[in-house]
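Asker: Let me give you the structure first, and then I'll get to my questions.
Just so it is clear, none of the values below were taken in a lab; they were calculated from the coordinates. Please read all numbers here as calculations on a predicted model, not as lab measurements. FYI the Cβ positions are ideal-geometry reconstructions off the backbone, even for glycines, and counts take in every protein chain you see.
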Amino acid sequence: MYNLYYVQSKKELGDISNISDASKVLIACLCVATIFVSMRCVARWYKTRGLPLAAEDLFMYLAVVSFAITCALYLATMPTFYNVNEVMVGKMKPYASLQTDLVAMLKEFFAVQIFFWLTLWAVKWSLLFMFKGLTNGIPLYTNIWWGALAFTVITFIGCVVSNFTSCSSMDAWFTAGLCDTPRDARAKAISLWYCMAVDVLGDLLIMIIPIRVLVTLRITLVQKLSIGVVFAVGIITMVFAIVRVISLNSSVNGGQVSTQWLMLWAGIEGAVAIIVGCLPSFAIFIRGRVEESRAHYDVYPQNVSSKGSHNLTHLQHSRIKSAARNESLMLEDMELNSWEQDRRSSKSLVGNGIIVTQAWSQKSHKETAVDMEMERRQKMGLTGVSVQSHAVESRKHDGAASGRQRISLNAGWRFERFTTNPDSLSYDVLKQWILPSGNDFISGTKYERPSGTPPGGDVSYVQESFDDKSWEAVDLPHDWAIKGPFNAPGISGEMGRLPSNGVGWYRRSITLSAEDIADGRSTFLDIDGAMSYSAVWVNGYLVGGWPYGYNSFRLDLTGHLKAGSNLLAVRLDNALDSSRYYPGAGIYRNIWLVKADATHVGQFGTYITTPSVSKKSASLDLTVEVENQKSTSQKVTVSTKVYEYDPLAKKAKGKAVATFPDVSVEVAAGSKGSADSSATVRNPKLWGPAPAQTPNLHVAITTLSVAGVKIDTYETQFGIRSVVHDATKGVLINDEAVRIQGTCNHHDQGSLGSAFNIRAGERQLQMLQEMGGNALRTSHNPPAPEFLDLSDRLGMIVLDEIFDTWSTQKKSHDFHLIFPEWHEQDLRAFIRRDRNHPSVIAWSIGNEIPDQSDPATGKIAQELRNIVREEDLTRPVTQGMNSASAGDLTAQTMDIEGLNYQGEGHGNDTSSTFPSFRVAFPDKLIYTSESASTVSSRGIYVFPVTRENNAVFGPDSGEDVEARHLSDYGLYEPSWGASPDKVFAAQDEHPYVAGEYVWTGWDYVGEPTPFDTSRSSYFGIIDMAGFKKDRFFQYQSRWRSDFPMAHILPHWTWPDRVGLVTPVHVFSSADEAELFVNGKSAGRVKPAKSSNRFRWDDVVYQPGDLRVVTYKNGKKWAVDTKRTVGSAAKLIMTADRSAIGLDNDLSFVSIAVVDSKGDTVPQASNSITFSISGPGTIVSTDNGDPTDMTAFPSLTRNAFNGHALAIVRASGAGTITVSATASGIKGAKVTLKAR
């Protein structure tokens, strides 16, 4: 950028005071540049949570190091400058080493010039590599980028050469007074202007890459200018280059340039260049100070361009209130995008807002936590724009939009619940128009949609003119019942006593462009789950629906939309007595708008299997379904590459590990076709359950092309693993035996209800893993898609279950009413949605279906199994059978035998059906699909305690009838269940049994056996608030036998039991234990066979302390203590995470009531009042007490046995303070950071 000239004669020396001032400026510039690079490094680390070592970072480090050398070399010449100046003005006589000093100084000048150029060009290369991510897959911009890189490299070499030729020879360079001839003056002038020219041209060429993109974006001029300003920061360096040349020319004296000007401009321009190169990284700090909605996009793979450089880009943007917000997000996400630049055609320019891409991708298994959090930021009103993201599409040169977009519609709904029918509609009225919605999943005769006008169009709620301002404003997912109040009329304890019944209406508008609805485009509405009997109107027209509330479904909106505002209206209808447990209510999962080319990968349209897997090689088989909704036949080329997948970043990583051969398929108009291909992955990273194996994931990126134009891109996450269900060895994953240590889990998330939250689901699974759990049963319905994403990521195996009933009712209004007409559609859609998840190892088609011994039931089982096998041959079919015998057709039909309770024996019955099933099915795997059903209330202990290892509860057996609680000794169960001790013994006696799924991992809303007047269950190993019951440690000692642990129960604060027998039990993975009561040994004992329970049943209570020392193989293993605590003195608050993301991320704040020594007061029930300050809200509170009828949103909650919980959500960036107070004791606070 700047050619520097060095002292060759007295003419070049300036006043010494000016040189001194220049040196001060030089030092200041170096300090400023170093500070900016340091801040940039911090910003990059803050954004990526990793050491910033991308190419752009390395070049910036090179720039600052080179600049430091430049400054150091200049400063090193100062003594010689001073001496020369003194000699020339007669203040100092020439000294002996003067000539030597001058030669050394000139050599330093020669070197300093090269390092200075290196500083400026390193900044150019840093910016170039930052913009590299914008060019992949776009040939025009790729060529520009490579051209800019080549230009800067060549011109840098030219600058170095011009340095050598500025003097007639190298001797002249390094000899004072020999480089001031007219020839040298011309050479220096040429070098000066050459370097300035290539400097400015290089900056312009680099700026073309992002600025050129803005020209084709369909946004306002103001928005283009505001975005362009950020990318035009290179103009600053160009201005400085030009000003520098003019300034240096003005300082020329006899053809030579003043030295102090050289130093001054070296410092200023070097610092400015580095500062400009750092600016894009600081957007993350701006972000937290500018409040605005944020747009969100899926991430797109490499090589998905459509007609290369001939494509234009189209932007349909959300409302953005602040240009500053746009720019800060742009810079921040451009920064992140540079870390993934080698794999994507999506080029982030403005946050998750402006994306330059030539096609779109969709994840076949939905989005995870980070996406949901971003999407909640779009708070749009009903008359707002259509999408929560900026809808960027590629366009062919004929103007038609192309590619795929998947946009969240979670924000900006209006909702109203009616306890009586407000519209005279019902499923029976709507059924003939709803049934065709499932036609894609029917193998035989399809349903025909009736002619004429569908019903409901005259209902005011589906009309745009209806004023819904009085309705509740909600975001999805939304469970209308969970906020209460409890004891809703007509709702039993079985269904949770919450107001889940009634008719619910949801409304919102979406805005579409003319291109969105043009010929050759398709638009779909994807609903992941809505409870229940959903019906959807668009612009007053009934487009379809789906009655089963747990299934995910798609409705085709193509042809029913118009340019401009479009009204969506969704009707749900929940009856009384419709479920055996809490069903939830509302659109309780995500909802998406999908826009695609009319020829596209179909819904759930990819299927990947791994028929052969080893550590050295894995074979992959892929089927892609192509749907052609155009009026002409299309010849489609299907291309797929496989990459490793990062589930947290939600993107492919590294280079492709396999490529499927291209396949061409001719798809007739209005029909579907499929393409099959195979590939091999060498040395694959396998997916396996944690902790013994690693859950590595992969992604297959499929593109569709027609006549060489890529029209669709679709992503499928999957895992490479082998699964064998061996009758003797159990489940083998990647040839390693994996014992099923599983739990059954209902779909609600405690006080959050059925509205699925990723962090809440993650917390549930992580606590189960802490216990030693490795398996999940989705009892008794399809889970949220994100639940399986979590299972994939965390490494838990899943028994994926769909039905709780078939054609025979369990409840008067349950699924049996629609089973005959909907079981095939529900089952096929369920299998297709979930079959690419590596965590899913088996399909369960039912749970405790009535009349299991009836041959008619067996026939239904055969039909369902056949449907599953048509959809997926890689996993076995099973069900949870609590009464079927080995001779029944129902059992004979299953691929693996799942037994509910009967294998261990019901209640006090010790007879087992394991042997009879083993004899009947010697080649089939047998497992316990539902075990235990042990009941307990956390921290409640009822005396006397049974001396058996198993007991059916009753008024004199573990029950506190008046308080509606059950003992936490973990020994009591209903008549059909068993204690963990009994289950462990039975499974050890029959070692071919592959393991168990315990009922249940967590307490859940509803089914409060045996006290129907309560709100929630007693079955959980963990209570509904997330506090561990004593059974947690019993399972941990069994399932993590290598983990040194010991746990004493009960607590040791019993003022009303002094002198009474109070049995002490210990759970440990040890083989011996000695208990000390107030320092005196109560004996060293061993547990019963197959048990991890150590018992001292005759201990007499006296205040003091308990201490247990456990041993394993004769060596000390683990120690635990309990003491008699004092009265409540204060509250202690602990957040599971002190830093949370924005919007749907959560922090679970636990409160303990403790004494003066900090120990939890075990029977404390203090009334706790919560408050919050800062950008956050308390979503709900809980305490794990099944009898507590306080509404979940209440900010006042009694502690239950010393504990309570508050769940906090951030509403913006900043510091959140959560406080808790209780009368008569010291309160507590906890601080959270939201960002």
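Asker: For a quick check: sort H746, H990 by the number of other beta carbons within 10 angstrom, fewest at the front.
Answerer: Exposure proxy ranking, most exposed first: H990, H746.
Asker: Using the Karplus equation 6.51 cos²θ - 1.76 cosθ + 1.60 (θ = phi - 60°), what ³J(HN,Hα) coupling, rounded to whole Hz, does each residue of the stretch 106-118 give in order, writing x for Gly and Pro?
Answerer: 5, 5, 5, 4, 4, 5, 5, 5, 5, 5, 5, 4, 4
Asker: Test of understanding: what is the full-extension gain from S38 to S664, defined as 0.36 nm times their sequence separation minus their Cα-Cα distance?
Answerer: 220.1 nm
Asker: Quick check on the exposure proxy: order D1042, D528, D735 from fewest to most C-beta atoms within 10 angstrom.
Answerer: Neighbour counts put them in this order, fewest first: D1042, D735, D528.
Asker: Please work out the FRET efficiency for the pair K616 and F164, using the Cβ-Cβ distance as r and a Förster radius of 41 Å; give the result to the nearest 0.05.
Answerer: That gives a FRET efficiency of 0.15.
Asker: Test of understanding: express the Cα radius of gyration of the stretch 1025-1115 as a ratio to 2.2 N^0.38 Å, with N the residue count.
Answerer: Cα-based Rg divided by the globular estimate yields 1.09.
Asker: Set the Förster distance to 45 Å, then compute FRET efficiency between T175 and W45 from the Cβ-Cβ distance, nearest 0.05.
Answerer: Calculated transfer efficiency: 0.35.
Asker: Turning to a different aspect of this structure: Suppose each label sits 7 Å from its Cα in the direction of the beta carbon; what would the R186-V429 distance come out to in nanometres?
Answerer: Between R186 and V429, the label points sit 9.7 nm apart.
Asker: Under 11 Å from the Cβ of N1201, count the other residues' Cβ atoms, weight Lys and Arg +1, Asp and Glu -1, and hand me the total.
Answerer: Summing Lys and Arg as +1 and Asp and Glu as -1 gives -1.
Asker: Right, here's the next one. Hey, how many Å between the Cα centroid of the stretch 1098-1137 and the Cα centroid of the stretch 785-799?
Answerer: One Cα centre to the other: 35 Å.
Asker: What is the percent of Cα-Cα separations in the stretch 793-881 that go past 22 Å?
Answerer: So the pairs more than 22 Å apart make up 25 percent of the total in the stretch 793-881.
Asker: Going by a ≥ b ≥ c, the root eigenvalues of the Cα gyration tensor, does the stretch 1130-1234 fall in the rounded group (a/c under 1.5), the prolate group (a/b larger than b/c) or the oblate group?
Answerer: prolate
Asker: Could you check how many percent of all C-alpha pairs in the stretch 413-597 are farther apart than 22 Å?
Answerer: 47
Asker: Please report the net charge: other residues with Cβ closer than 13 Å to the Cβ of S617, K and R +1, D and E -1.
Answerer: +4
Asker: For a label point 7 Å from the Cα of S853 along Cα→C-beta, name the residues of the stretch 912-930 whose backbone N is under 17 Å from it.
Answerer: Answer for this model: 912-914, 916-917.
Asker: Now, a different point. If neighbour count is taken as other Cβ atoms inside 10 Å, put V1109, V601 in order from fewest to most.
Answerer: The order, fewest Cβ neighbours first, is V1109, V601.
Asker: Still on this structure, please answer the following. Taking 0.36 nm per residue of separation and subtracting the Cα-Cα distance, what length does fully extending A150 through D458 add?
Answerer: Additional length available on full extension: 104.2 nm.
Asker: Something else now. For the pairs K483/K1229; K810/K1028; K1028/K1122; K635/K672; K810/K859, flag any whose C-alpha to C-alpha distance is greater than 23 Å.
Answerer: Exceeds cut-off: K483/K1229; K810/K1028.
Asker: At 7 Å along Cα-to-Cβ for each site, give me the label-to-label distance between A197 and E863 in nm.
Answerer: Distance between the two pseudo-spin positions: 8.4 nm.
Asker: Nearest 0.05, what FRET efficiency do A68 and T1121 give at R0 = 60 Å with Cβ-Cβ as r?
Answerer: My answer for the efficiency is 0.55.
Asker: Given points 7 Å out from each Cα along the Cα-Cβ axis, report the K483 to T1215 separation in nanometres with one decimal.
Answerer: Simple spin-label model gives 3.1 nm for this pair.
Asker: Applying the Karplus parametrisation 6.51 cos²θ - 1.76 cosθ + 1.60 with θ = phi - 60° to the phi angles of the stretch 651-665, what ³J(HN,Hα) value in whole Hz is obtained for each residue in order, glycine and proline being reported as x?
Answerer: Listing the rounded values in order: 7, 5, 9, x, 8, 4, 9, 6, 10, 7, x, 4, 10, 9, 9 Hz.
Asker: With the cut-off at 22 Å, report for the stretch 944-1023 the share of all Cα pairs above it, as a whole percent.
Answerer: Percent of Cα pairs beyond 22 Å in the stretch 944-1023: 27.
Asker: At 0.36 nm per residue, minus the direct Cα-Cα distance, what do K672 and D735 gain on full extension? Give it in nm, one decimal, please.
Answerer: 18.9 nm
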